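Shown next, in structure tokens, is the structure this report addresses.
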Amino acid sequence: MPAGDRGFSIRRQDQTLIFRTAYFSAERGSVLHSGIYNREMASILVSFAAAGLIYMVLARSYGTTPALSAVFLAVFAAGFLLLRRFVFRERSLEAVFDAAGRTVTVRLHGTMKGRPEVIPFGKIERLLIQKKEFGIVNPDGVAFVEKISAQHGTVIPGFGQEKVFYVVELVLSDGGPHTLFAGSHVEDALAAYDEIRGFSGLP
């Protein structure tokens, strides 16, 4: 998350506070850098593979023709658009704090999770902010990838560095923590924490 971008939005409407963010997961992550292997790249790879498979099947029956090349391009373009829109779409979290009903409704957009989760304030022990750190698990693998990248004159910003998250989460009385925000800048996490706690009055 770029510095200066809080990574979330907050809107107040009557007796509700609507919190939205795309940063709600504190994970170690893959050795593959997310800046390269992102949703666009995944959509391109899958659609290219599908278009290539269809091309090979049809080429065996009809041979390589200009029409077949047009089919390849059409399948690739349509596949990319559909995959990017419906499969590799952006994920986000929305938490609606209702001061009158004393509930928070959490919805996940762009994920396979279905119905929203409604949590009464009475089941929330406290609003917590904490720091989570993930070290490098495979330093040899990181060194190898960096060596290959250097040979190709490529620098991958942030690759192989320890991951640090500042997490805002709800601690529930009948379960584990429920993460609302996980950012790389403590100022952003503190801003989210202060806004939510100031409105909801949660401990």
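Mind giving me the nanometre distance, one decimal, between the label points for residue 49 and residue 74, set 7 Å out from Cα along Cα→Cβ?
Placing both labels 7 Å along Cα→Cβ, they lie 2.4 nm apart.
Report the FRET efficiency, 1/(1 + (r/R0)^6), for residue 173 and residue 25, where r is their Cβ-Cβ distance and R0 is 25 Å, rounded to 0.05.
0.60
Cα gyration tensor of segment 39-87, axes a ≥ b ≥ c as square roots of the eigenvalues: rounded (a/c below 1.5), prolate (a/b > b/c) or oblate?
Cα axes put segment 39-87 in the prolate bin.
Place a label point 7 angstrom from the Cα of residue 133 along the Cα-to-Cβ direction, then list the residues of segment 164-199 whose backbone nitrogen is under 16 Å away.
Answer for segment 164-199: 164-167, 184-186.
Between residue 187 and residue 94, what is the FRET efficiency for a Förster distance of 22 Å, r being their Cβ-Cβ separation, to the nearest 0.05?
Plugging the Cβ-Cβ distance into 1/(1 + (r/R0)^6) gives 0.50.
Only the coordinates and a few stated rules stand behind these numbers; no lab work does. Because the structure is a prediction, the values reported are computed rather than measured. Heads up, the Cβs are rebuilt from the backbone with ideal geometry, glycines too, and the neighbour counts pull from every protein chain shown.
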